[in-house]
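Student: Before we start, here is the structure in question, set down as C-alpha cells.
The values are calculated or read from the model by the stated rules, or taken from the named source; none is laboratory data. This structure is a prediction, so every number in the text was calculated from the model and none was measured. In this analysis, Cβ positions are derived from the backbone assuming ideal geometry, glycine residues included, and neighbour counts consider all displayed protein chains.
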Amino acid sequence: LAKTTQPISMDSYEGQEVNITCSHNNIATNDYITWYQQFPSQGPRFIIQGYKTKVTNEVASLFIPADRKSSTLSLPRVSLSDTAVYYCLVGDKRDNYGQNFVFGPGTRLSVLP
Amino acid sequence: GAVVSQHPSWVICKSGTSVKIECRSLDFQATTMFWYRQFPKQSLMLMATSNEGSKATYEQGVEKDKFLINHASLTLSTLTVTSAHPEDSSFYICSARLAGEDNEQFFGPGTRLTVL
C-alpha cells in the first residue's frame, strides 16, 4: 500500500505557477498517480492522473520522473478560486481501487491576491 | 461527465436516532461505491467499499452494525448511521466507480451530519 507525502500547506499569489510535489517511494508497478482537489464542504474533484512521464490537460500538468517515486502537480497561473486542498493518491485501478485509495493529509493551497 | 449525487446535503438529528444517506450515480452504472468520512480540517477516511448485490467490506475500526450500507442497485447505495451520537457528526462522502478496470472514482458532494 503506497503512502504519499506532501507539503501540508503552500501559499502563492494570483497569476503564479504552483508546483506541488508528492513523494511515493513505495509505489508499485501497477499503481497510477491521481490528484484531486477539494473545496470546503464539497467532495473531491478529479484533476489529473498519470502513470509516467508527463500528462497535461486543460487545468494542470503532472510530471512523473522515470523512477516514479514522486510526482509534481503543476497549476499554471493560479487564481483565488484555486484555493483548496490538493490530494495526491496512488493505487492500482485494477485491484479494488477503493481499498488502495488512501487519502493523505493533502496540501492546503492558499492563493493570495 | 459522470455525476454522483448525495441526499441529503446536510442533516441535523438528535442523539440516538438513525440517519440514512443516499448516494446515486446519475448517468452511469456503478458496480462499486465507496463511503468516506471526513472530520473538520482532516483528510478523507475510507469507511467501506460497497459492491452491488453483495455485502460491504468495512475498513478496520469501522463498526458494520453502526454504519449499515446497502447497495441494492447499480445506481444507489445507502449509508445508515444507526443510533447516532455527537461523535458521529462528520462530513460523509461517497464515490462511485464505473465497471471496468480503467475507470476513476467520481465523488459525490458530501453530506454534513450533525448529531445534537
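Student: Suppose we keep only residues that are at pLDDT below 95 and outside any strand (DSSP E or B) within the range B:66-86. Which one would you say is nearest to B:ARG112 (Cα to Cα)?
Tutor: Among residues in the range B:66-86 that are at pLDDT below 95 and outside any strand (DSSP E or B), the one nearest to B:ARG112 (Cα to Cα) is B:THR75.
Student: Also, quick follow-up: Closer than 28 Å to A:ASN30 by Cα and either modelled with pLDDT of 95 or more or in contact with a Pro (Cβ under 7 Å, 6 or more places away or on another chain) (or both): is that true of B:ARG37 in this structure? Break it down into steps so the answer makes sense when it comes.
Tutor: Values: closer than 28 Å to A:ASN30 by Cα: yes; either modelled with pLDDT of 95 or more or in contact with a Pro (Cβ under 7 Å, 6 or more places away or on another chain) (or both): yes.
Yes: the conditions hold for B:ARG37.
Student: Would you mind telling me which numbered condition in (1) farther than 30 Å from A:ILE8 by Cα; (2) within 13 Å of chain A (Cβ to nearest Cβ); (3) in contact with a strand residue (DSSP E or B) (Cβ under 6 Å, 6 or more places away or on another chain); (4) assigned to a loop (DSSP other than H, G, I, E, B) B:SER54 fails?
Tutor: (3)
Student: Restricting attention to the range B:92-100, does a residue exist that is closer than 27 Å to A:GLY91 by Cβ and surrounded by fewer than 16 Cβ atoms within 10 Å (Cβ to Cβ)?
Tutor: Within the range B:92-100, the subset closer than 27 Å to A:GLY91 by Cβ is B:92-100.
Then drop every residue that is not surrounded by fewer than 16 Cβ atoms within 10 Å (Cβ to Cβ), which leaves B:99-100.
Among the residues of the range B:92-100, at least one is closer than 27 Å to A:GLY91 by Cβ and surrounded by fewer than 16 Cβ atoms within 10 Å (Cβ to Cβ), which makes the answer yes.
Student: On to the next question. Just to check your reading of the model, which residue among A:TYR32, A:TYR87 is assigned to a strand (DSSP E or B), closer than 20 Å to B:PRO40 by Cα and either at pLDDT below 95 or not aliphatic (A, V, I, L, M) (or both)?
Tutor: On the way: A:TYR32 fails: closer than 20 Å to B:PRO40 by Cα.
Selected residue: A:TYR87, the only one of A:TYR32, A:TYR87 that is assigned to a strand (DSSP E or B), closer than 20 Å to B:PRO40 by Cα and either at pLDDT below 95 or not aliphatic (A, V, I, L, M) (or both).
Student: Taking the range A:90-113 on its own, how many of its residues are modelled with pLDDT of 95 or more and either hydroxyl-bearing (Ser, Thr, Tyr) or in contact with a helix residue (DSSP H, G or I) (Cβ under 6 Å, 6 or more places away or on another chain) (or both)?
Tutor: Count: 3.
Student: Then there's this: Within the range B:1-36, restricting attention to residues that are charged (D, E, K, R) and in a loop (DSSP other than H, G, I, E, B), which residue is nearest to B:HIS71 (Cα to Cα)?
Tutor: Start the filter on the range B:1-36 by keeping residues that are charged (D, E, K, R), which leaves B:14, B:20, B:22, B:24, B:27.
Those still in the list that are in a loop (DSSP other than H, G, I, E, B) too: B:14, B:27.
On the way: B:LYS14: 26, B:ASP27: 17 Å.
By that ranking, first place goes to B:ASP27.
Student: Within the set of pairs 6 or more residues apart or between chains, which connect a residue that is within 11 Å of chain B (Cβ to nearest Cβ) inside the range A:20-43 to a residue that is surrounded by fewer than 21 Cβ atoms within 10 Å (Cβ to Cβ) and hydroxyl-bearing (Ser, Thr, Tyr) with Cβ atoms less than 6 Å apart?
Tutor: Taking only residues 6 or more apart or on different chains, the pairs are A:TYR32/A:TYR51.
Student: Across the range B:7-44, which residue is nearest to A:VAL102 (Cα to Cα) among those that are touching a residue at least 12 places away in the same chain (Cβ under 8 Å) and hydroxyl-bearing (Ser, Thr, Tyr)?
Tutor: Looking at the filtered set, the residue picked out is B:TYR36.
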